[in-house]
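Visitor: This is the structure I have questions about; it appears just below.
Coordinate-derived values only; no laboratory data. Values in this document were obtained by computation on a predicted structure and should not be read as measured data. Heads up, the Cβs are rebuilt from the backbone with ideal geometry, glycines too, and the neighbour counts pull from every protein chain shown.
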Amino acid sequence: MDIEQRKERWRNLYRPGSGKFVFLIPYFEHPVEAPLFWPDRMQERVDYGVRLYEAQLERARWLDDDFIPCLFPATGTEIYAEALGSSVYRPRNNMPFARHCVENASQAARLKVPDPSRTRLMDLVELGRRIREKAGADAPMKLVDVQSPMDILAQIWDKTDLFASMMDEDCEELILELSGKICGFLIRFWDIWFEEFGTSYISHCPDYYMEGGITLSADEIGNVSPALYGKYFHEELNRISRHFGGIGIHCCADSRHQWAGLKRVEGLRMLNLCRELPVLQEGYRYFTHCAHAPLYLLNGVAQTMPDMFPSDFPTGTRAVIVQRAASRREAVEKAERLREACRMEDIGL
């Protein structure tokens with residue numbers, strides 16, 4: 001296990017040029033069961049983060065893929081909406097989620113955006129600290145969930161009214177002002193996070209390594225037209241990318257109609273589209289300036305990509321290859337074949 005070599009292969013993936021690949025085989029002999037991600041389960045979440053890191057280290061000793069063991073202060077998607085005033089539903093058999101707290105434009109105009117250091121978001125920084133204290137400071141931290149400002153706005157503002165308001169010229173200034181405040185709120189929180197934990201990290205979704213920049217989800221772009229994307233979404237993505245020095249974007253929506261806009265996002269390093277295989281293959285050819293971490297949809301459900309090797313991608317593609325395994329032996333055998341295939345690609349054979 002040479003973690004620095006793994007990091008260098010990820011760095012190489014982000015360098016423009018000929019096709020480059022890393023690969024992941026997410027097999028664990030003894031999966032670590034996650035606790036409920038509730039505020040009053042802090043110690044359970046700390047213990048989970050430590051056990052998960054130890055399991056990742058053990059896996060890295062016998063499996064030669066490109067996964068980098070990390071510290072994981074696990075959360076749901078509710079964290080920013082809760083900080084902005086939303087209540088949270090926490091089921092006992094699934095992830096927590098936020099309920100909207102804004103019904104209409106009048107209520108949105110009265111919404112106060114707090115200082116993130118005075119919200120429950122700081123509990124997540126403390127969670128990360130406690131995991132790091134127990135597990136050690138050498139590993140990169142996996143990011144807690146990151147949503148785009150407009151995605152956060154769509155969590156706190158009833159979507160039926162929000163999308164109607166986007167079409168109302170009288171609401172345009174309000175929406176831009178509020179999303180701008182949320183953007184600043186998000187930036188301030190992540191400045192705190194990166195100052196505490198450093199800028200070498202594992203993305204919140206999916207598990208790819210980055211140095212510098214930030215990764216986030218931009219799913220609501222699938223629900224609007226290209227004109228509304230350009231008006232409300234595009235510049236906030238650029239603002240965040242400029243601030244942090246690059247960006248990785250996850251989108252599990254049907255966003256083909258927004259590709260022209262996404263292609264213009266400044267500093268786009270990684271694109272994680274979650275779509276059907278033909279759409280992904282089209283995306284490799286369209287987004288040639290960034291790397292890809294694709295997720296595959298089958299009958300509307302996210303699946304691991306069919307087993308693919310570097311030779312199965314268009315020339316020049318830079319991508320994360322993910323193959324599943326049902327046993328330790330199968331995982332090791334697949335890793336050996338993929339390592340050789342990536343090596344041959346690197347030397348141009």
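Visitor: With +1 on each Lys and Arg Cβ and -1 on each Asp and Glu Cβ, and nothing else charged, work out how big the dipole of the chain is about its Cα centre, in Debye to the nearest 20.
Guide: Charge dipole of the chain: 560 debye, to the nearest 20.
Visitor: Determine the calculated [θ] at 222 nm for the chain from helices alone, applying -39500 (n - 2.57) to every DSSP H run no shorter than 4 residues and normalising by the residue count; nearest 500 deg cm²/dmol.
Guide: -13500 deg cm²/dmol
Visitor: Starting from the Cα of residue 231, draw a straight line to each of the lysines and keep only those under 22 Å, dropping any in the same chain fewer than 8 residues away.
Guide: Within reach: 159, 181, 263.
Visitor: For the chain, what does the convex hull of the Cα positions come to per residue, in cubic angstrom?
Guide: In the chain, the Cα hull volume divided by residue count equals 131 Å³.
Visitor: Same structure, new question: Straight-line reach only, C-alpha to C-alpha below 22 angstrom: list the lysines that residue 134 could link to, leaving out same-chain residues fewer than 8 apart.
Guide: 142
Visitor: Next question. Charges on Cβ only, +1 for Lys and Arg, -1 for Asp and Glu, centred on the Cα centroid of region 3-346; of 87, 230, 240, which one is farthest towards the dipole's positive end?
Guide: Toward the positive end, the furthest listed residue is 240.
Visitor: Which residues' amide hydrogens lie under 5 Å from the amide hydrogen of residue 318, considering only partners 5 or more residues apart or on another chain, with H built in the peptide plane?
Guide: 20, 292
Visitor: A further question on this structure: With a 10 Å radius around each residue's Cβ, average the other Cβ atoms per peptide and rank 198-208, 328-338, 2-12, highest first.
Guide: Packing proxy ranking, top to bottom: 198-208, 328-338, 2-12.
Visitor: When ranked by the protection proxy of mean other Cβ atoms within 10 Å per residue, highest first, what sequence do the peptides 110-119, 57-66 form?
Guide: Averaged packing, sorted descending, gives the order 57-66, 110-119.
Visitor: A follow-up question, please. Would you work out the relative contact order for the chain, in percent, from Cα pairs under 8 angstrom that are 6 or more residues apart?
Guide: It rounds to 21 percent for the chain.
Visitor: Next question, about the same structure. So what is the relative contact order for region 143-253, in percent, with contacts set as C-alpha pairs under 8 Å and at least six apart?
Guide: For region 143-253, the relative contact order is 33 percent.
Visitor: Which ³J(HN,Hα) values, rounded to whole Hz and listed in residue order, are derived for region 35-49 from phi using the Karplus coefficients 6.51, -1.76 and 1.60 in 6.51 cos²θ - 1.76 cosθ + 1.60 with θ = phi - 60°, glycine and proline given as x?
Guide: The phi angles translate into x, 6, 8, 9, x, 8, 10, 4, 5, 4, 6, 4, 4, 4, x Hz.
Visitor: Further question: Can you find, among 111, 178, 14, the residue sitting farthest towards the positive end of the charge dipole of the chain, where Lys and Arg contribute +1 and Asp and Glu -1 at Cβ?
Guide: Ranked along the dipole, the leading option is 14.
Visitor: Shifting gears a bit: Only counting other Cβ atoms within 10 Å, I'd like 318, 120 sorted with the fewest neighbours first.
Guide: 120, 318
Visitor: What is the Cα centroid distance between region 233-289 and region 184-232, reported in whole angstrom?
Guide: Cα centres, region 233-289 to region 184-232: 12 Å.
Visitor: Now for a different question. Run the lone-cysteine check on the chain: no other Cys C-beta under 4.7 Å from the residue's C-beta.
Guide: Lone cysteines by the Cβ rule: 70, 101, 171, 183, 205, 251, 290, 342.
Visitor: Here is a further query. Of all DSSP beta bridges in the chain, what percent run antiparallel (nearest 5)?
Guide: Beta bridges within the chain, antiparallel portion: roughly 25 percent.
Visitor: Pop a pseudo-label 7 angstrom from the Cα along the beta-carbon direction at both residue 8 and residue 243 and give the gap in nm to one decimal.
Guide: The modelled label-to-label distance comes out at 3.5 nm.
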